[in-house]
Each structure stands twice: as structure tokens, then as C-alpha cells.
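The values are calculated or read from the model by the stated rules, or taken from the named source; none is laboratory data. This structure is a prediction, so every number in the text was calculated from the model and none was measured. What goes into the accessible areas is simple: the full protein's heavy atoms, side chains included, and nothing from ligands, DNA or RNA. Shrake-Rupley method; radii C 1.70, N 1.55, O 1.52, S 1.80 Å.
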Amino acid sequence: MKNMTKESTSIYSQNILESLLNINCMIMPQSTEDSINKLIENKFYSSKKFAEEIEKIAHDNKGMSYIDAIVFFCEKNSVDIESVPKLMSKPLKEKLKCEAMELNLLKKTSHAKLPL
């Protein structure tokens, strides 16, 4: 009996939530919805946005390495340094790997690198 009540309550709750969301979407003007989406995008970083921010920091501060740029970004935006690997894109990982090899933090691989 408890399970049946629990299931019907969860279905009822889900229907109420869906109804409320639909009503809010109808009432809310498009500009408000867009501004909410922008706030969410600004609060949560995607790997693309994170990579762009790191590239911008490294480019704007001449001589700053990617490792330093990531640490600077994390301190500035109160981002936990341990969450960074989830945000890193493949190109950014490759740049960090090359930088770490140049600083002798990683063992050098046999892949040839063109001088830039």
C-alpha cells in the first residue's frame, strides 16, 4: 500500500512540476528567459568557454604560462583547482602537456614539435 501511494504521489508531483514549468514559460517574456539562460551560462563553465578564458589570460599577460593562467583563473573566480580537469578541452590539454615537457615536469615524448 505504501509503495502504491508513494508512486502515485511522485507521478502527481511530477505532473505539478511540469504544469508549473509550462505556465512559467508561457508567462515569462522571451527577454527574461534569455537573461536567465545568460546568467546560467556565466555561472557554469563549459570546456569551450573555459579554454577561451585561459587562452585570453595567457595571451593578455605576456610570458604567463598556461599553468599559471589556470591557477590565476581559479583564484580569481573561486573555482576549485581539482575541478579543472573536467573543464579542459583536448587542445588545452595538449598545450599544457607541451608546456610541462618544456619545464621538465613530464618526460619528453618522441613526437616532433615544430618551432614557433
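Return yes when LYS38 is in a helix (DSSP H, G or I) and at pLDDT below 90 and no when it is not.
Details: in a helix (DSSP H, G or I): yes; at pLDDT below 90: yes.
So LYS38 passes the test.
Conditions (1) in a loop (DSSP other than H, G, I, E, B); (2) open to solvent by less than 70 Å² (accessible area, probe 1.4 Å); (3) modelled with pLDDT under 90; (4) not aromatic (Phe, Trp, Tyr), marked per residue:
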position	(1), (2), (3), (4)
ILE23	no, no, yes, yes
HIS59	no, no, no, yes
LYS62	yes, no, yes, yes
ILE67	no, yes, no, yes
VAL84	no, yes, yes, yes
HIS111	yes, no, yes, yes
PRO115	yes, no, yes, yes
